Amino acid sequence: MKIDKKLIKELVENLKEFNLSELEYQDGETKIKVSKAQKNIEAPKASAVVPQNKAVLKDSDETIGTRIKSPIIGTAYLAPEPGAKKFVEVGDKIKKGQTVMIVEAMKTMNHVPSTVDGEVKKILVSDGQPVEFGQTLILLK
């Protein structure tokens, strides 16, 4: 295999230009990885920040059940309009297809239906909270 010195020099220049510590390039079966040595640099310390308005699911009895997940990225609303009665409350019995909340995306209100019959065990988002695609919104028994 012939080493392409021009490509390696270009990758090293990219390290400097973009202030990177490591860069990997692959073309077919050829794979090149360049990195620069770092002296006396303390390793970054990992820390987890959990926003107060997000519920964290732990592996316990609380996570056993059916999860209703967000179909899109947007803002979750627990009621059809401000001040109105919520779609569901903890302890409510719900039917498959029943709207459990709305996720707004690009000024469009998307109703989130229940995927199964069940009882609301836990509501994992607060009203007006941003949600991600696939994020668990409600846990059913």
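The values are calculated or read from the model by the stated rules, or taken from the named source; none is laboratory data. Values in this document were obtained by computation on a predicted structure and should not be read as measured data. When we count neighbours, we look across all protein chains shown, and the Cβ atoms used for this are built from the backbone with ideal geometry, even at glycine.
How about segment 87-97: which of its residues are loosely packed, with under 15 Cβ neighbours inside 10 Å and under 16 Å from Ala76 (Cα atoms)? Glu89 - this is the single residue of segment 87-97 that is loosely packed, with under 15 Cβ neighbours inside 10 Å and under 16 Å from Ala76 (Cα atoms). Residue count for segment 99-123 under the criterion of being at negative phi and either surrounded by fewer than 19 Cβ atoms within 10 Å (Cβ to Cβ) or of a type in the set (D, E, K, R) (or both): the result is 14. Only one entry in Val12, Val34 is at pLDDT 80 or above and not in a loop (DSSP other than H, G, I, E, B), namely Val12.
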